[in-house]
Amino acid sequence: MLSFKQINLFTLFVSFTLCLILLAFPEFIYFLFQIDGNETANFMSRRAGFLFLGFAALLFFSKDIVVSELQRPIIICIFLAMIGLATLGIFEFIRGFAGPGIFLAVITEVFIAVNYLLLLKKTG
């Protein structure tokens, strides 16, 4: 199990990377997930990029928190976001909307969610 700081730094890296990709190169996500892109999708990708920037900032500024009562809300929120994204990715793959590339995201999201869940259990 990763420490709070370790999983925050890993998730920070993933979130900031996604921010940059979604803002600058939304076509990469379309290619990876095998979905159609257009100007509307580009708009939504850029908006999602800023959401990931918010995650990255939250994780950066909270990485050194050692009090479990302060860690707990962050753990719960990131866990919910990641498990929700993973579930949605699997659902969209099953319904034929996303290609197998979605599993790169799903595996990463499940890894992050599991580590935050383990921390949640540890913080009691």
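The values are calculated or read from the model by the stated rules, or taken from the named source; none is laboratory data. What you are looking at is a predicted structure, and each value in this text was computed from that prediction instead of being measured. Glycine gets a Cβ as well: all are built from the backbone with ideal geometry, and neighbour counts include every protein chain shown.
Out of Leu51, Leu2, report the one residue that is part of a helix (DSSP H, G or I) and of a type in the set (A, V, I, L, M, F, W, C).
On the way: Leu2 fails: part of a helix (DSSP H, G or I).
The conditions single out Leu51.
Could you grab me the full set of residues in the range 44-93 that are within 22 Å of Ile29 (Cβ to Cβ), of a type in the set (Val, Ile, Thr) and surrounded by fewer than 19 Cβ atoms within 10 Å (Cβ to Cβ)?
Ile83, Thr87, Ile90
Exactly one of these conditions fails for Ile107: (1) in a helix (DSSP H, G or I); (2) within 18 Å of Met1 (Cα to Cα); (3) touching a residue at least 12 places away in the same chain (Cβ under 8 Å). Give me its number.
For Ile107, the exception is condition (3).
Is it true that some residue in the range 73-94 is in a loop (DSSP other than H, G, I, E, B) and either more than 19 Å from Tyr116 (Cα to Cα) or not aromatic (Phe, Trp, Tyr) (or both)? Steps first, please.
Step one: of the range 73-94, the residues in a loop (DSSP other than H, G, I, E, B) are none.
Taking every residue of the range 73-94 in turn, none turns out to be in a loop (DSSP other than H, G, I, E, B) and either more than 19 Å from Tyr116 (Cα to Cα) or not aromatic (Phe, Trp, Tyr) (or both).
Could you grab the pairs with beta carbons closer than 6 Å, sequence gap of 6+ or different chains, first residue in the range 68-85 and farther than 13 Å from Gly124 by Cβ, second one small (Gly, Ala, Ser) and surrounded by fewer than 19 Cβ atoms within 10 Å (Cβ to Cβ)?
Between residues of the range 68-85 that are farther than 13 Å from Gly124 by Cβ and residues that are small (Gly, Ala, Ser) and surrounded by fewer than 19 Cβ atoms within 10 Å (Cβ to Cβ), the close pairs are Ile74/Ser62.
List the pairs whose first member sits in the range 1-26 and is on the phi < 0 side of the Ramachandran plot and of a type in the set (Asp, Glu), whose second member is outside any helix (DSSP H, G or I) and at pLDDT below 95, and whose Cβ atoms are under 9 Å apart, counting only residues at least 6 apart or on separate chains?
Once the first residue is on the phi < 0 side of the Ramachandran plot and of a type in the set (Asp, Glu) and sits in the range 1-26, no partner that is outside any helix (DSSP H, G or I) and at pLDDT below 95 comes close enough.
Can you name every residue in the range 57-72 that is in a helix (DSSP H, G or I), of a type outside the set (S, T, N, Q) and under 17 Å from Ser3 (Cα atoms)? Please lay out each step first, then the result.
Start the filter on the range 57-72 by keeping residues that are in a helix (DSSP H, G or I), which leaves 57-62, 68-72.
Checking the rest, the ones that are also of a type outside the set (S, T, N, Q) come to 57-61, 69-70, 72.
Scanning the range 57-72 gives Leu58, Leu59, Phe60, Phe61, Glu69, Leu70, Arg72.
Please determine whether any residue of the range 28-44 is modelled with pLDDT of 95 or more, of a type in the set (Gly, Ala, Ser), closer than 21 Å to Ile90 by Cβ and part of a helix (DSSP H, G or I).
Checking the range 28-44: not a single residue is modelled with pLDDT of 95 or more, of a type in the set (Gly, Ala, Ser), closer than 21 Å to Ile90 by Cβ and part of a helix (DSSP H, G or I).
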